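Report on the structure given below.
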Amino acid sequence: MNTNLLLAKVTERGIAKAGFPKMIGMSASSWYKKLRGITDFTQQDIIRIAQVLFLSDEDIIRIFFPRKVS
């Protein structure tokens with residue numbers, strides 16, 4: 001999960017970070033747990049985020065499925 005890129009996309013769209021969870025139908029506490037990696041984003045979460053932020057398929061992959069280099 002590339003949290004910095006996700007938050008950059010929120011800012012890029014001119015959306016207040018504090019108001020974003022409500023826009024995607026999520027509580028603030030759930031949003032912050034997911035950002036911190038305590039819980040995972042579901043497929044439906046990713047779809048809603050992508051729709052609100054107008055993310056490309058490439059953006060979705062870069063944000064939610066980054067390649068790990070060992």
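Annotations for the structure displayed:
- Output for region 1-24, where each listed residue is crowded, with 16+ Cβ neighbours inside 10 Å and either touching a strand residue (DSSP E or B) at 6+ places or on another chain (Cβ under 9 Å) or outside any helix (DSSP H, G or I) (or both): 24
- The residue that is surrounded by the most Cβ atoms within 10 Å (Cβ to Cβ), counting only those in region 25-51 that are within 10 Å of the chain's Cα centre (by Cα) and aliphatic (A, V, I, L, M), is 49.
- Pair list, Cβ under 8 Å, 6 or more apart: region 42-55 residue assigned to a helix (DSSP H, G or I), other residue of a type in the set (Gly, Ala, Ser) and open to solvent by 20 Å² or more (accessible area, probe 1.4 Å): 48/25
- Summed over region 52-70, the residues that are within 17 Å of residue 5 (Cβ to Cβ) and either open to solvent by less than 60 Å² (accessible area, probe 1.4 Å) or of a type in the set (Ser, Thr, Tyr) (or both) give a count of 9.
The values are calculated or read from the model by the stated rules, or taken from the named source; none is laboratory data. If you're wondering where the values come from, they're calculated on a predicted model, not measured in any experiment. Ideal geometry is used to build each Cβ from the backbone, glycine not excepted, and the neighbour counts take in all protein chains shown. To get the accessible areas, we keep the full protein, side chains included, count just its heavy atoms, and leave off ligands, DNA and RNA. Shrake-Rupley method; radii C 1.70, N 1.55, O 1.52, S 1.80 Å.
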